[in-house]
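Written out below as structure tokens is the structure these notes cover.
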Amino acid sequence: MNAKIRAAYELARERFAEAGVDTDRVLQQLHEIPISVQCWQGDDVRGFENPDGTLSGGIQASGNYPGRARNAAELRADLEQALALIPGRKRVNLHAIYLEAEHPVERDQIEPAHFANWVAWAKANDLGLDFNPTCFSHAKSAQNMTLSHPDAAIRKFWVDHCIASRRISEYFGRELKTPAVMDIWIPDGYKDEPADRLAPRQRLMAALDGILAAFQGAHHKVAVEGKLFGIGAESYTVGSNEFYMAYAATRKVLVCLDSGHFHPTENVADKISTALCYLDEILLHVSRPVRWDSDHVVLLDDATLAIAREIVRCDALQKVHIGLDFFDASINRIAAWAVGARNMRKALLLALLEPRQQLAEAEALFDFTARLVLSEEQKSMPWPAVWEYYCASHEVACGSELLLDVRKYERDVLSRRG
């Protein structure tokens, strides 16, 4: 390890110890927090069902940076390169369209066998896998209606797809010895004001009940993900946050809070403690909206820091499943993965380095002056030295060194793709 990095860490450790924080213990805890990295950043959400198909259902990846993964082998290779730049435990999140089959397979007919290569790869790389039914970019989702569609036959198709996805998720969890989280998101809604808001939600509730009743599985967990609005669903979203929060609480499934799915002025972090009052576990999709759910790469910004602080302050690291959800095709995709995931882990580090006991004691005494001083001074503590030491300890690129690895892979691999 670089002597300067070690020396800087020793000084930082002393500073944090004065505030009652054991940085060695923090780094051990930080390393074990799994972050689920989304596979769809690597190929712009195209998948392998129909790689040349166009996206629909409120999904849009902008940009045309060279080197997009064109098949599963390339995508797994790209993921390996990105994961090597991200310290700590990792999972990989798959969508149903990332199946591998010799012949076209309809979505209601997908099976665990279509993901066997992913499971073998995950075992070889000590990864957990998570899963998502793909309820968009399909002829039967063309009207922005899937599980709430008024046509019972179309509705059944998507119910069967989600049930098939549950079987695949169960397979992941059983094979990898770590439960898979399966998240259901649908694009259902109306561009303009609907005449009936109730009936679609009643149909959605019945469809979800059917999916849950299909079978019991001990190796996966079901989550439902709400949204404020989307492309083609600007005026009405069937699966709103309110709908899914109530559904999750009454059916005892996980609710997914996606940080890009709310009004820009809403505090997503504040919703975590609310959800944990009623649910044993929740799912987070950490993204970055810019005026809408545009899925920009996660930054180490106030929103991300607030989310990490809330998880730690709620003592909920075992209750909150952290996943990423962004897809930026305007920049190097390896860098996008690495920067977004590293920023999420940096935010968790900052949260773990807080003098939580002192803050809680000050608040209990209504000493808001001390609470303010302690929390503000925390911002200028030498946490970057702790982060660099952490990366170096696990032989992961420190600081902007990751750019050297990204450029080398781009030169040697990505630039050779058509």
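Can you give the FRET efficiency for F366 and D108, using 1/(1 + (r/R0)^6), R0 = 56 Å, r = Cβ-Cβ distance, to the nearest 0.05?
Between F366 and D108 the formula returns 0.45.
HN-Hα J couplings of the range 204-219 from phi, Karplus 6.51/-1.76/1.60, θ = phi - 60°, integer Hz, Gly and Pro as x?
With coefficients 6.51, -1.76 and 1.60, one gets 4, 4, 5, 5, 4, 4, x, 5, 5, 7, 4, 6, 9, x, 8, 10 Hz.
I need the trypsin sites (Lys or Arg not before Pro) found in the range 331-418, filtered to DSSP loop residues with at most 11 other beta carbons within 10 Å of theirs.
For trypsin sites (Lys or Arg not before Pro) across the range 331-418 that sit outside H, G, I, E and B with at most 11 neighbouring Cβ atoms in 10 Å, the list reads K379, R417.
When the Karplus curve 6.51 cos²θ - 1.76 cosθ + 1.60 is applied with θ = phi - 60°, which whole-Hz ³J(HN,Hα) does each residue of the range 296-311 get, with x for Gly and Pro?
With coefficients 6.51, -1.76 and 1.60, one gets 6, 4, 5, 9, 7, 10, 4, 5, 5, 4, 5, 4, 5, 4, 5, 4 Hz.
Which value, in debye to the nearest 20, gives the size of the charge dipole of the range 126-220 about its Cα centre, when Lys and Arg are +1 and Asp and Glu are -1 at the Cβ?
Using Cβ point charges on Lys, Arg, Asp and Glu, the range 126-220 gives about 200 debye.
Springs between alpha-carbon pairs under 10 angstrom, Gaussian network model over the chain: which of T178, T274, T265 fluctuates most?
Result for the chain, Cα springs under 10 Å: T265 fluctuates most.
Of all accessible surface on the range 42-132 at a 1.4 Å probe, what whole percent is carbon and sulfur?
43 percent
Using the Karplus equation 6.51 cos²θ - 1.76 cosθ + 1.60 (θ = phi - 60°), what ³J(HN,Hα) coupling, rounded to whole Hz, does each residue of the range 377-393 give in order, writing x for Gly and Pro?
5, 4, 5, 9, 6, x, 5, x, 5, 5, 5, 5, 5, 4, 4, 5, 4
In terms of solvent-accessible area of protein heavy atoms at a 1.4 angstrom probe, what is the ranking of K271, K191, K123, highest value first?
From most exposed to least exposed: K191, K123, K271.
Considering only protein heavy atoms, with the full assembly of protein chains and a 1.4 angstrom probe, order M1, M205, M245 by accessible area, largest first.
Highest to lowest solvent-accessible surface, that is M1, M205, M245.
Keeping all protein chains in the complex and leaving out DNA, RNA and ligands, what accessible area do you get for I322 with a 1.4 Å probe, in Å² to the nearest 10?
10 Å²
Given H placed 1.01 Å from N in the peptide plane, which residues other than close sequence neighbours of G189 have an amide H under 5 Å from its amide H?
V238
I'd like the orientation of helix 72-83 relative to the chain: the angle between its Cα long axis and the longest Cα principal axis, in ° from 0 to 90, rounded to 10.
Computed tilt is about 20 degrees.
With point charges of +1 on the Cβ of Lys and Arg and -1 on the Cβ of Asp and Glu, referenced to the Cα centre of the chain, which listed residue (M145, A73, F326) lies farthest in the positive direction of the dipole?
Comparing the listed Cα positions along the dipole, A73 ranks first.
Give the lysines reachable from K90 as a straight Cα distance under 24 Å; neighbours fewer than 8 places away on the same chain don't count.
K123, K177, K221, K319, K346, K408
Nearest-5 percent of antiparallel DSSP beta bridges in the chain?
So the antiparallel bridges in the chain amount to around 10 percent.
When ligands, DNA and RNA are left out and all protein chains stay put, how many square angstrom of accessible area per residue does the chain have with a 1.4 Å probe?
45 Å²
For a quick check: with amide H placed at 1.01 Å from N, whose amide H comes under 5 Å from S36's, ignoring anything fewer than 5 positions away on the same chain?
Close amide H contacts, sequence-distant or interchain: R91, I322, G323, L324.
Can you find, among A351, P104, P194, the residue sitting farthest towards the positive end of the charge dipole of the chain, where Lys and Arg contribute +1 and Asp and Glu -1 at Cβ?
P104
What FRET efficiency, computed as 1/(1 + (r/R0)^6) with R0 = 25 Å and r the Cβ-Cβ distance, is obtained for A77 and D126, rounded to the nearest 0.05?
Result of the calculation: an efficiency of 0.90.
Roughly how much of F368 is accessible, in Å² to the nearest 10, using a 1.4 Å probe?
The value for F368 is about 100 Å².
How big is the charge dipole of the chain about its Cα centre, in debye rounded to the nearest 20, if each Lys and Arg gets +1 on its Cβ and each Asp and Glu gets -1 on its Cβ?
Dipole magnitude for the chain comes out near 520 debye.
Pull up all non-local amide H partners of V224: gap of 5 or more, or a different chain, and H-to-H distance under 5 Å with H placed in the peptide plane.
I184, L254, V255, C256
In terms of solvent-accessible area of protein heavy atoms at a 1.4 angstrom probe, what is the ranking of E354, E102, highest value first?
Reading off the accessible areas and sorting them downward yields E102, E354.
Could you tell me how far the Cα centroid of the range 370-391 sits from the Cα centroid of the range 262-277, in Å?
24 Å
On full extension of the chain, what length is gained from D22 through A3, given 0.36 nm per residue of separation minus the C-alpha to C-alpha distance?
Answer, rounded to one decimal: 4.7 nm.
Taking the Cα atoms only, what angle lies between the long axis of helix 401-412 and the longest principal axis of the chain, rounded to 10 degrees?
40 degrees
Ignoring ligands and nucleic acids, what accessible area does H103 show with a 1.4 Å probe (Å², nearest 10)?
Here the residue's solvent-accessible area equals roughly 130 Å².
For the Cα atoms of the chain, what angle does the longest principal axis make with the long axis of helix 241-251, in degrees from 0 to 90, nearest 10?
Between the helix axis and the principal axis of the chain, the angle is about 90 degrees.
Of M381, S259, V159, which is farthest on the positive side of the dipole of the chain, counting Cα position, with +1 on Lys and Arg Cβ, -1 on Asp and Glu Cβ, and the Cα centre as origin?
Projecting each Cα onto the dipole axis, the largest value belongs to V159.
Return the distance in nm (one decimal) between the two label points of a simple spin-label model at Q143 and D196, each offset 7 Å from Cα along Cα→Cβ.
1.2 nm
Can you give the charge dipole size of the range 1-134 about its Cα centre, rounded to the nearest 20 debye, using +1 on the beta carbon of Lys and Arg and -1 on the beta carbon of Asp and Glu?
About 520 debye.
Please give the length that would be gained between S294 and R416 if that part of the chain were fully extended, namely 0.36 nm times their separation in residues minus their C-alpha to C-alpha distance (nm, one decimal).
Gain on extension, S294 to R416, equals 41.0 nm.
The values are calculated or read from the model by the stated rules, or taken from the named source; none is laboratory data. Here the structure is a predicted model, which is why all the values come from computation and not from measurement. Methodologically, a virtual Cβ is constructed for each residue, glycine included, from the backbone with ideal geometry; neighbour enumeration extends over all protein chains shown. Just the protein is used for accessible areas: all its heavy atoms, side chains included, with ligands, DNA and RNA removed. Shrake-Rupley method; radii C 1.70, N 1.55, O 1.52, S 1.80 Å.
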